[in-house]
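The values are calculated or read from the model by the stated rules, or taken from the named source; none is laboratory data. All values reported here derive from a predicted model rather than from experimental measurement. Methodologically, a virtual Cβ is constructed for each residue, glycine included, from the backbone with ideal geometry; neighbour enumeration extends over all protein chains shown. Ligands, DNA and RNA are excluded from the accessible area calculation, which covers all protein heavy atoms including side chains. Shrake-Rupley method; radii C 1.70, N 1.55, O 1.52, S 1.80 Å.
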Amino acid sequence: MYSNEAYLLEQLQEAGLLSDHDVQKAKTGLKPGESAVAELIKSGVVTDEQIAQSIAVSSGMEYVDLHGFEPHGGLKGLVSLEVALKYKIAPLGTNGTALQVVVADPYDFETLDALPHVLQPDLEFYCSTPALIKTLQANLYGNEAVMGRGVFKTPGQIGESSSDDDAPIIKLVTNMLMEAFKSKASDIHIEPLEKDIRIRYRMDGVLVDVEHHPKRLHSAIIGRIKIMTGSMQLDEKRVPQDGRIQMSFNDKEIDMRVSIIPTNNGESVVMRVLDKSSLRLGLVDLGFLSDDQAAFERLITLPDGIILVTGPTGSGKTTTLYACLNFINRPDRKIITVEDPVEYELAGINQVMVKEDVGMTFAAALRAMLRQAPNIIMLGEIRDLETASIAIQASLTGHLVFSTLHTNDAPSAVARLSDIGVKPFLIASAVRAIQAQRLVRKLCPDCKTPSTLNDRELRALGLEISQVSEAVIKGPGGCSKCRQGGYRGRMSLVEIFTIDDEVRNMVNQQLTTPQLRKRARELGMRTLREDGIRKVLAGLTTAEEVIEATMSDAD
């Protein structure tokens, strides 16, 4: 009931409201978790108003009698319902620049420290009884307060913005998140600078400066975001924190993965926007042309073996794996994933999140998964020999395994597995195919315009003018749908390296990556740049995008 009950009992005794006998009698027969103060109130030895007046005096706060207090309609705009219920407070008004707030427990220092970050730095605290504060909440917020329901549906989840979200900081943060979603941003960056706060969205892989706010709002914005996660510590500013926000907008469920780190100018926030609608993407939506799509669909429906997707961070590997799982997900197949973290929740699929602090590593989760008799396994990343060995063993015993590696191209994945200690004969036996990929921006279909390739672009792509004479070359235009940028969305450039009998022999002979790559080209593998050239000639993206994304493509 009160955060420091022992101290409170001492104060009540010093005030002459309780005797030693009263205290001992109240404590007799108490079960774990029960309150001696609540027992004293229940037995009529002391009233809750006497308690509130006593702790107000001892804490230096002013006691306010709320019996005759008549709140006006504007008060609830000062403190949202969710904050009032979470911290057991209510607004009383303002005094110049200070917000006046009534609390039930002046000894709850965690709440008192958190509120300046959640509401505003300048606060005046008053004290009253829990019952009177609840009555004031009911008068202000109506049935939602009586039923104990705020805007949060569960810890870490919020619903759509409502009339309760009237506080300026709440509106500012909510509008920021909604605008990012409407703009199809993949990330929101909130960065404290020396004199202000910079807000940037990453749209189609490019960071865009959106707006700036006064530096004085920084603590309030960060505090609001921490509350929305339901798991972050408001008063902790020295170490990084991670959390998650779930919200709905226009009947769409949105997940946001939140990362906060301390910097020299204050805490910096990055929120990854995980739009669940992307889970329904098919391979053609990811950028596969028809022949590559047919080849890849054949590979991912094999009964066993390992399918690897490679590329640098941010190249869309996880999205490709999810698209694969959606394609092969059927009621007669058991699919289990191990991820760090679980980015999207997939219907009909068992997903396991890595928690290394309790021993749930990739390897431990993978071992446990095999006892669940799955048909298909998705492993977020092959990081070390232990993980690779278990994945290979699973593939050799009749499981289809999907995973990722960080390599520049597809043939390099063989050398990468060898570097972490996997024997060449195991690589040759287990791996069925390796796909490398990059992301490039797609031209906006509503405003792209006819264009040509200049000499520099032709040389970089290795093309002759005669090869592009009948191509449909397009360039960026600019319209309201693409925010005048000329690009809308991204697509994959892919390089599919199929491991056939001849390649297996080459792997067993431990041939070098250039030798593997040369042979793969002879067998018909298209490089990332060659796939990009096809998409430039089809008017789907620009030469500039392809050249930049495939700088490491030596061929």
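Report, by chain and number, residues whose modeled amide H sits under 5 Å from the one on residue 489, excluding near sequence neighbours (fewer than 5 apart, same chain).
442
Counting Lys and Arg as +1 and Asp and Glu as -1, what is the net charge of the other residues whose Cβ lies under 9 Å from the Cβ of residue 376?
Taking every Cβ under 9 Å from that of residue 376, the sum is +2.
So what J values fall out for region 483-496 if you push phi through Karplus, 6.51 cos²θ - 1.76 cosθ + 1.60 with θ = phi - 60°, rounded to Hz, Gly and Pro as x?
Listing the rounded values in order: 6, 6, x, x, 10, 8, x, 10, 9, 8, 9, 10, 9, 9 Hz.
Carbon-plus-sulfur fraction of the accessible area of the chain, 1.4 Å probe, in percent?
Taking all protein chains in place, the chain shows 48 percent carbon and sulfur surface.
Check cross-link reach from residue 535 to the lysines: straight Cα distance under 16 Å, and skip same-chain residues fewer than eight apart.
Output for residue 535: 442, 448, 474.
With a cap of 16 neighbouring Cβ atoms within 10 Å, and only residues DSSP puts in a loop, list the trypsin sites (Lys or Arg not before Pro) found in region 53-110.
Listed in order of number, the matching sites are 88.
For Cα extents along the principal axes in Å, the choices are [x] 96, 54, 43; [y] 72, 61, 49; [z] 61, 51, 49; which was calculated from the structure?
[x]
Report the charge-dipole magnitude of the chain in Debye, nearest 20, computed about the Cα centre from +1 at each Lys and Arg Cβ and -1 at each Asp and Glu Cβ.
Approximately 1940 debye in magnitude.
For residue 309, enumerate residues with amide H under 5 Å from its amide H, sequence gap 5+ or separate chain, H modeled in the peptide plane.
Amide H to amide H, under 5 Å and 5 or more residues apart or across chains, residue 309 pairs with 403, 404, 405, 435.
Quick check: from the Cα gyration tensor, does region 344-419 come out rounded (a/c under 1.5), prolate or oblate?
prolate
Of all DSSP beta bridges in the chain, what percent run antiparallel (nearest 5)?
Roughly 65 percent of the beta bridges in the chain run antiparallel, per DSSP.
Can you work out the Karplus-derived ³J(HN,Hα) for every residue in region 410-427? Use 6.51 cos²θ - 1.76 cosθ + 1.60 with θ = phi - 60°, whole Hz, and x for glycine or proline.
Rounded to whole hertz, the list is 5, x, 5, 5, 5, 5, 5, 4, 5, 4, 8, x, 7, 5, x, 5, 6, 4.
Near the amide H of residue 337, under 5 Å away, which other amide H atoms are found, from residues 5 or more places off or on another chain, if H is placed in the peptide plane?
Correct list: 350, 351, 352, 378.
Sorting check: for 541-548, 213-220, 357-364, which peptide has the highest mean count of neighbouring beta carbons within 10 Å, and how do the rest follow?
Ranking the peptides 541-548, 213-220, 357-364 by packing returns 541-548, 213-220, 357-364.
Sorted by average packing, counted as other Cβ atoms within 10 angstrom per residue and highest first, what order do 427-437, 235-245 take?
Ranking the peptides 427-437, 235-245 by packing returns 427-437, 235-245.
Which one, 178, 429, 547, is farthest towards the positive end of the dipole of the chain when Lys and Arg carry +1 and Asp and Glu -1 on their Cβ?
My answer, from the dipole projection, is 429.
Once phi is turned into ³J(HN,Hα) by the Karplus curve 6.51 cos²θ - 1.76 cosθ + 1.60 with θ = phi - 60°, what whole-Hz value does each residue of region 44-54 show in order, with x for glycine and proline?
Calculated HN-Hα couplings, in order: x, 5, 8, 9, 5, 5, 5, 5, 4, 5, 5 Hz.
Can you check what the net charge comes to around residue 464, using other residues whose Cβ is under 13 Å from the Cβ of residue 464 (Lys, Arg +1; Asp, Glu -1)?
That sum, taken over residues with Cβ under 13 Å, equals -2.
Region 47-90: which chymotrypsin sites (Phe, Trp or Tyr not before Pro) are DSSP loop and have at most 16 other beta-carbon atoms within 10 angstrom?
Passing sites in region 47-90 are 69.
If I measure Cβ to Cβ between cysteines in the chain, which ones have no partner under 4.7 Å?
Those would be 127, 324, since no other cysteine Cβ in the chain comes under 4.7 Å of theirs.
Placing +1 at every Lys and Arg Cβ and -1 at every Asp and Glu Cβ, with all other atoms neutral, what dipole size does region 176-268 have around its Cα centre, in debye to the nearest 20?
140 debye
Which net charge results when you count Lys and Arg as +1 and Asp and Glu as -1 among the other residues whose beta-carbon is under 15 Å from that of residue 266?
Taking every other residue near residue 266 into account, the sum is +2.
With every protein chain kept in place and ligands, DNA and RNA left out, what is the accessible area per residue of region 406-555? Probe 1.4 Å, answer in Å².
49 Å²
Between their Cα atoms, which of 171/252; 334/355; 317/481; 76/134; 134/215; 76/171 are more than 25 Å away from each other?
Exceeds cut-off: 317/481; 134/215.
Taking Cα pairs under 8 Å and at least six residues apart, what relative contact order does region 450-555 come out at, in percent?
That works out to 32 percent.
Using +1 at the C-beta of Lys and Arg and -1 at the C-beta of Asp and Glu, which of 468, 382, 452 has the Cα lying farthest in the positive direction of the dipole of the chain?
Farthest along the dipole direction, towards plus: 468.
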